[in-house]
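Structure first, commentary second.
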Amino acid sequence: MTRVTEPVRRAALAPALAAVLVAALAGCAPIAAYRGAAPVPGAVTAFEPGGDARLAPGSTDAAHHRMGARAAAHGADSTVVLIYGDNRAGMRLQAHSRLMRAVKRMSFKHPIKLARGLAAIPVFLVVGIVPNLDIPRDIIAHWSKAPTGGAETSVLRALERQLPADLVVSNGDLVTDGRRGGLWRRFVDRHEALRARTLFVATPGNHERTADSLARANWDATMGAPAEPGRYWFALDLPDCDARIVVLDSNALRDTHRGAAADLAEAQLAWADSVLALPARWKFVVFHHPLISAGHYRNAWDSHRPEDPAAKRRERLLEMFVARGVTAAFTGHEHLYQRVFVRGANGGGFWHITAAGGGAPLYVLDPRIRDIELAKPLPPGIGIVPSSVFSKSVYNFCRLALPPAGAPDGALTMQAYRVRSGGRASPLDRIDLAHPPQAP
C-alpha cells in the first residue's frame, strides 16, 4: 500500500483552500459605495425637479405626492397595492431555529437546558450538513459578507406573477448591510424586472444602517434621495381610490444615540400627525419596526435609560393612528406573518399587520412568548382584540385591492399569500380592513 506523505497531502490541500478563498473573495461585498448607474431605473425621483412622471406634487410639502392616473392597460376597477418586506439574505441555517436556541441556551447551572442543548447539537450538525451544506455555506457567506440564504427569488417570482399592480411597497431590510455597495448591486439586479413594471417604494429597515453616511448615499443612489437629506419619510396619495400611504422611518424614531436624533424624530412625528390629519377614505402607514411584537423583537421600542424616548414614541404612534383613523399599519422586522386589530376607546382602531416574509430566513413562532407580548398593557384607552390575532411563520406578501373613489361603502379586502419554492403562492389570510372585528 502506498503511503501519502505529509508534503503530498499539503500539496493536494493547497488548491482546495485556494479555490475556497477565490470563491469567497469573488462574492465579497466590502464596505463601499454603490457603483452602478444612479439613480437606478425605477428609483423614486419625484422629490427632484422634473422627477418621476408617475407622481405629482401634493398639497402639504415636498414629501407629499399624488400618484398619477393609472395606465389604461391596467384594465382594472380597483387599485392594486402589493406589500412585503425583509427580503435581505441571511443565515441558511436559521439562527432563530429551535435547534439553535437550544444550543445557545445551554447552561451548566440549569440541567434541563444543558440536556436540551446536548441533545440538539448532533441534530443541529446533521441538519447543517445534509442535504444543502448549510453550515459550510454560512461560514463562507459570513466571511465574504455576501450572504445568500433565504427565499428572496421565490417571493420576487410570486410578486411578479401578481402584476399588473399599481404600486409595490417594501417595509424594509432590502439588503443585509446598507454600507456594502455590492449587496445593493445584487438587489438592483434581482428587482430589475419588478421595478421596470410598476412603481416601487420602500422604507429603510435596520439593516439599511441609515445612521451611516455611506449607507445613506447607497440608499439614495438605488432607491431615490428623499426631499431633504436624511429624512426618509413621505406620503403618497392615490386619488383613484381616495387613499393615502404614509411611509415612516422607524430607524430615526428608535435612534436615541445620535446627537440630532431627537430633533429628527420629533420632526417626523409632527409631520406624520399633520399628514394623517388630512382627509382620505383609507389611510395606511408603512414602517419597519412593529409596534405590536410577535415575540422576537419584544424589546425593540424599550427605553434602556430613563431619558430614552423610544417607548414614548411608540405610545404616541399608537395613539396617533387611533385618533387619525388609520386603516392599517404594515410593518416588518419579525420574519413571519402576523395581524392583530388595535382597538381604541370608541370602538374604532386599526389593523397592525407584520408582513416580513419577503425572503429573509424565517423566525420560529413561539405562541407562548407571543401571547405574553400581546398581553402587555398599551396606552390608556387602547387594547387589542384577542380574537383578531393570527400568526404564521411563512414566506409571504400582502395584496390590497382598493375600490374606486366614490364607490359605495363595502369591504376592503386584504389578501395575504404564502410563498413556496419556485414562486408558488397560495392564500394564507383574508381580512376586511374596512370593518373592525367583533370583540368577544
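The values are calculated or read from the model by the stated rules, or taken from the named source; none is laboratory data. No experiment lies behind these values; they were computed from the predicted model shown. Every residue, glycine as well, gets a Cβ built from its backbone with ideal geometry; the counts of neighbours run over all protein chains shown. Accessible surface is based on the protein model in full, side chains and every heavy atom, while ligands, DNA and RNA are left aside. Shrake-Rupley method; radii C 1.70, N 1.55, O 1.52, S 1.80 Å.
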Principal axis dimensions, the stretch 107-181 - Cα atoms, whole angstrom, descending | 56, 28, 26
Can you figure out the FRET efficiency of H435 with I372, using R₀ = 22 Å and their beta-carbon distance, to the nearest 0.05?
-> 0.15
Using every Cα-Cα pair within the stretch 303-372, state what percent have a distance larger than 15 Å.
-> 65 percent
When N counts the residues of the stretch 130-242, how does its alpha-carbon radius of gyration compare numerically with 2.2 N^0.38 Å, as a ratio?
-> 1.21
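Share of Cα-Cα pairs in the stretch 289-340 beyond 12 Å, in percent?
67 percent
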Using label points projected 7 Å from each Cα along Cα→Cβ, tell me how many nm separate E192 and A227, to one decimal.
-> 3.3 nm
Count the DSSP beta bridges whose two residues both fall in the chain, then state the antiparallel fraction as a percent rounded to the nearest 5.
-> 60 percent
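Step by step: find N for the chain, compute 2.2 N^0.38 Å, then divide the Cα radius of gyration by it. What's the final number? Spell out each step's value before the answer.
Working: Rg = 23.2 Å, N = 440, 2.2 N^0.38 = 22.2 Å.
Against the empirical 2.2 N^0.38 Å value, I get 1.04 for the chain.
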Just the C-alpha atoms of the stretch 217-308: what Rg/Rh do they give, with Rh taken as the Kirkwood radius?
-> 1.00
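Beyond 15 Å, what share of the Cα-Cα pairs of the stretch 169-225 remains, rounded to the nearest whole percent?
Details: 666 of 1596 pairs.
Taking all Cα-Cα pairs of the stretch 169-225, the fraction more than 15 Å apart is 42 percent.
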Degrees separating the helix 6-26 axis from the principal Cα axis of the chain, which is the longest one | 10 degrees
Over the stretch 316-440, one equal point on each Cα, no solvent: what is log10 I(q)/I(0) by the Debye formula at q = 0.17 Å⁻¹?
-> -0.94
Given labels modelled 7 Å from the Cα in the Cβ direction, how far is it in nm from A407 to A345?
-> 3.5 nm
Rounded to the nearest 500, what is the chain's calculated 222 nm mean residue ellipticity when only DSSP H runs of at least 4 contribute -39500 (n - 2.57) each, over all residues?
-> -9500 deg cm²/dmol
Computed over the chain: longest principal axis from alpha-carbon atoms vs helix 261-276 long axis, angle to nearest 10 degrees, is 40 degrees
Under a point spin-label approximation (7 Å from Cα along Cα-to-Cβ), what is the D61-N132 distance to one decimal in nm?
-> 4.4 nm
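Whole number in Å², please: accessible area per residue of the stretch 183-302, 1.4 Å probe, ligands, DNA and RNA not counted.
Details: 4060 Å² over 120 residues.
Result: 34 Å² per residue.
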